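So the structure is just underneath, and the comments pick up after that.
Here, each number is a calculation from the coordinates, and none is a lab measurement. All values derive from a computational prediction rather than experimental measurement. All Cβ positions, even for glycine, are placed from backbone atoms using ideal geometry, and neighbour counts span all protein chains on display.
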Amino acid sequence: MDFQLSSEQAAVRRLAADFVDREVTPYARDWDRREAVDPGIVGKLGDLGLLGLTVAEEHGGSGGDHLSYCLVLEELGRGDSAVRGIVSVSLGLVAKAIAAHGTDDQRARWLPRLCSGAALGCFALTEPDSGSDAAALRTRAQRDGADWLLTGAKTFITNGTTADVALVLARSGGEGHRGITAFLVPTDSPGLTRTEIHGKLGLRGQATAELRFDGVRVPDSARLGEEGAGFRLALATLAKGRMSVAAGCVGIAQGCLDAAVAYAGQRTQFGKPVAAHQLVQHLLASIAVDTAAARLLVWRVADLIDRGEPFATEASMAKLFASEAAVRAANDALQVFGGYGYLDEYPVAKYLRDARVATLYEGTSQIQHLLIGRALTGVNAF
């Protein structure tokens, strides 16, 4: 693997960094306080091509490789994980799934709009009674002539109240993972109601919702992939999604490092800058090492994907390490700031709150341990 970024990758990184510094960082605290990002950010992301990375230009995307995609998500994570989540779900989980598994008509209908920011997507897998045990989902998809009727509930759905299309996993027959099918459901469909979830610890600016399906009718042409193959589709999609989360966590850790180093150089205690104290330098060094290690794990996954090599286990490793590293980085940065770090006038309190959920969604840290352990031993411990 070549660790030197190409000129194109470096340009994409600068583009994303400049965008974050101009359009995200100045507003992140206010969005967090009011529990809503400015919806206009979506169009701006689309205008720069950041919602179409890795999607072929013939489908309305902006092309590019997965390392460029990770560089963008790192910068967005540095600015505001609520904005990063919009991209990693609408693009990373929905648009990429349609590009990989959709029909020509599905690609033509949804990809140009998703990649331009004219539409957003959400990924509806988690249910009130099935999170880590996704194969136990209860939302039903029943045949009704040439259509399907969807009934059930989904929860903790990122972009749930802002999305125009939901990628819904539902049980179409049988038990376990073999009876699950994926559907592309327009969110204005009769019988679909969406309720935003408020009072979250972190990601407060990101729309998170509960979806309810009361006999929502969709044609068979809305089925994504083969009947009964939805669980495999979801696993393949989530493997890349874990890379997305990990990249965003690298951004959180880098943001913590930048903020802590700057503050330590300005704050004076015991007659000298805080940065001159050995124990503070230890905290800064720990953040720096975690950040560098997490970044290299993420880049490794992107490189494997771009080479067409298996990457699922490496994605679990990156997601596990980067999410836990982001929490450690935020805790250490807050310690450098002392009492001031506890206030949202400074960025580290938000970094800590946003980092914590990354150890939970798209597979908890415990689930990642099980996936890695199964890959090592060949024994399923679920």
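A few points about this structure:
- The chain, relative contact order in percent, only Cα pairs under 8 angstrom and at least six apart counted: 16 percent
- Fluctuation leader among Arg267, Arg143, Arg212 - the chain, Gaussian network, Cα springs under 10 angstrom: Arg267
- For His198, His177, order by how many other beta-carbon atoms lie within 10 Å, fewest first: His198, His177
- Pairs of Lys residues in the chain, spaced 8 or more positions apart or belonging to different chains, with C-alpha separations under 25 angstrom: 13 in total.
- Rounded, prolate or oblate (a/c below 1.5 giving rounded, otherwise prolate when a/b exceeds b/c) for the range 208-256 by Cα gyration tensor: oblate
- When only alpha carbons are used to place a centre, the range 203-244 and the range 313-363 end up 27 Å from one another.
- Taken about its Cα centre, the range 123-228 carries a charge dipole of about 200 debye when Lys and Arg each add +1 at the Cβ and Asp and Glu each add -1 at the Cβ.
- Within the chain, longest stretch clear of exposed GluC sites (Glu not before Pro) (DSSP loop, no more than 12 other Cβ within 10 Å): 1-174
- Which of Met317, Met1 has the fewest Cβ neighbours within 10 Å, and the rest in rising order: Met1, Met317
- Listing Phe311, Phe156, Phe123 from fewest to most neighbouring C-beta atoms within 10 Å gives Phe156, Phe311, Phe123.
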